[in-house]
Amino acid sequence: RIRVFQDERVRRLVEHAWDRIPYYRRLMEAAGLRPSDIRTRAALARFPVTRRRDLQGVSLDDLITPGVDPGKCIGFSTSGTTGEPVRMLRTRREQYLLFGFRLRAQVLSGLRPGDRRVKLGSTPLRLLPHRIGLFRMSNIDLNLGPEETLQRLKELRPRVIYGIPNMLEMLVKTAPPGELESLRPKLIFSGAEPMRPSLRRELERLFGCPVIDFYGCHEFNLIAWQCARCGLYHTSDDSTVVEVLKADGQAAAAGEQGEIFGTALHSYAMPFIRLEIGDVVTRPARRRECEIGFDVIDEIRGRTADFLPLPGGGMLSPYNLSLAVDSVAGVRRYQIVQTALDHVRILYMQMEGAGEETGANIAAKCQECLPPEVTIETTAVADIPVTAAGKHRLVQAFRSS
């Protein structure tokens, strides 16, 4: 049923793009394609991919449907962590629909209509269910300090806490003993940036509840969410066609990793067809039994922009280095900065009581992942800065000018 639905949506979307979106018509003509060539989800493999850099400099008139008033749309600009920000628009109807898919995933994760939710960060969009008292959502401003944030949480007593890992880690780092345990939420929802396994374990220990990760981006809203039943990430197959492609453009098989691309099945004001999302993920070696029938991905291994180029032309996933640092005791938070092909600097914040050998242990673990000609420098710091959006850049790869 999902495949039939996707096939029908793909046909409509491609016909719409051909008729009304100049950018995609030029793309199809250059590839010698007509709408009749793309009638199924499987046939999308013939459609050219679009990378974010391809959209930069393209006139908005060539990307949006004629007659759509940008002034009446909801606009976004990606945060630019890939170094390639993209401006996008969608209608309010499209926005509400995509939030509905995200809400469904939260319900499948255990959220109930009467649960009070608190978001650590930007003010949430207020939809009709919120206004009539269902799925209530409050927010706590990112600019509040850790003490004020904790006090607001104690006042609101949420059943569900939603936050990016950096904000959740701030709570873990600063809360007095016993304060987080006393909140007793039933769920922690995380998203917007990768979460270190060690932070997940600490959150689950302190709050005594599951931590569920949601994976998405502005262009598609929800892409996948971590299933509390099977532990894998279910892709939101009735809102987005998710493809995982290897370097040769072929689909990744079970157990293989590749770059992720998406096709938005409900975005017509500004369509996205086979758009580069900018992350490398892994297809699971085998599916685990689960009542949710959507497709699955396994590990989200990091943004392609954060893969480290190595001497000799190889590339290293940031996931490998983050796992190496996570295995070292006494590290509260860290950041990996590649300053040259043969030099990596690791900033780290120590936990109270950690020994002087922490830096040497980090270097030894990371050296196991890197060629011997790469020098590792470790530096203990009092704090690690975040981006304007409150995110923590875990890895910064070297890019030659």
Could you say which residue among LEU199, LEU180 is modelled with pLDDT of 80 or more, within 25 Å of the chain's Cα centre (by Cα) and part of a helix (DSSP H, G or I)?
LEU199
Residue in region 84-116 that is surrounded by the fewest Cβ atoms within 10 Å (Cβ to Cβ), counting only those that are among the aliphatic types (A, V, I, L, M) and farther than 30 Å from ASP61 by Cβ
VAL107
With modelled with pLDDT under 85 and in contact with a Pro (Cβ under 7 Å, 6 or more places away or on another chain) as the only criterion, which of VAL386, VAL395 stands out?
VAL395
Report every pair of residues separated by at least 6 positions or lying on different chains whose Cβ atoms are under 8 Å apart, first residue within region 224-253 and touching a residue at least 40 places away in the same chain (Cβ under 8 Å) and open to solvent by less than 10 Å² (accessible area, probe 1.4 Å), second in a loop (DSSP other than H, G, I, E, B) and β-branched (Val, Ile, Thr).
CYS227/ILE292; HIS234/ILE292
Flagged pairs (Cβ under 6 angstrom, 6 or more apart or on separate chains; first in region 4-15, farther than 12 Å from ALA264 by Cα and free of Cβ contacts under 8 Å to residues at least 40 places away in the same chain; second part of a helix (DSSP H, G or I) and of a type outside the set (D, E, K, R)) are GLU15/PRO35
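For region 254-279, which residues satisfy the criterion of being among the aliphatic types (A, V, I, L, M) and open to solvent by 10 Å² or more (accessible area, probe 1.4 Å)?
ALA254
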Go through (1) touching a helix residue (DSSP H, G or I) at 6+ places or on another chain (Cβ under 8 Å); (2) closer than 24 Å to ARG3 by Cβ; (3) of a type in the set (A, V, I, L, M, F, W, C) and name the single condition VAL244 misses.
(1)
Is there any pair linking a residue in region 112-137 that is over 23 Å from PRO165 (Cα atoms) to one that is at pLDDT below 65, with Cβ under 7 Å and at least six apart or on different chains, and which?
none
By residue number, the members of region 210-245 that are at pLDDT 90 or above and over 28 Å from LEU275 (Cα atoms) are PRO210, VAL211
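Name the residue that is least open to solvent (accessible area, probe 1.4 Å), counting only residues in region 13-42 that are in a helix (DSSP H, G or I) and within 16 Å of ASP237 (Cα to Cα).
Checked region 13-42; the qualifying residue least open to solvent (accessible area, probe 1.4 Å) is LEU13.
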Would you confirm, using the coordinates I've provided, whether ARG286 is basic (Lys, Arg), open to solvent by 10 Å² or more (accessible area, probe 1.4 Å) and over 27 Å from PRO371 (Cβ atoms)?
yes
Among strands (runs of 3 or more DSSP E) entirely within region 313-385, at least 2 residues that are in contact with a Ser or Thr (Cβ under 9 Å, 6 or more places away or on another chain) and open to solvent by less than 20 Å² (accessible area, probe 1.4 Å) occur in 331-340, 343-350
Pair list, Cβ under 6 Å, 6 or more apart: region 47-59 residue modelled with pLDDT under 90, other residue in a loop (DSSP other than H, G, I, E, B)
ARG52/GLU84; ARG52/VAL86; ARG53/GLU84; LEU55/VAL86
Search result, residues across region 145-166 that are open to solvent by less than 10 Å² (accessible area, probe 1.4 Å) and either within 24 Å of GLN226 (Cα to Cα) or without any contact (Cβ under 8 Å) to a residue 12 or more places away in the chain (or both)
PRO158, VAL160, ILE161, GLY163, PRO165
Members of region 179-191 that are open to solvent by 40 Å² or more (accessible area, probe 1.4 Å) and farther than 13 Å from ILE212 by Cα:
GLU179, GLU181, SER182, ARG184
With the structure loaded, tell me whether LEU108 is modelled with pLDDT of 95 or more, over 20 Å from ALA269 (Cα atoms) and not acidic (Asp, Glu) or whether it fails that test.
no
Answer with yes or no whether GLY278 is out of contact with any helix residue (DSSP H, G or I) (no Cβ under 8 Å at 6 or more places or on another chain), within 22 Å of TYR24 (Cβ to Cβ) and in a strand (DSSP E or B).
no
Please work out if ALA175 is of a type in the set (A, V, I, L, M) and open to solvent by less than 30 Å² (accessible area, probe 1.4 Å).
yes
Report, by residue number, each residue of region 161-170 that is farther than 11 Å from GLU193 by Cβ and at pLDDT below 80.
MET170
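The values are calculated or read from the model by the stated rules, or taken from the named source; none is laboratory data. If you're wondering where the values come from, they're calculated on a predicted model, not measured in any experiment. No Cβ is skipped: glycine too gets one built from the backbone with ideal geometry, and neighbour counts run over all protein chains shown. What goes into the accessible areas is simple: the full protein's heavy atoms, side chains included, and nothing from ligands, DNA or RNA. Shrake-Rupley method; radii C 1.70, N 1.55, O 1.52, S 1.80 Å.
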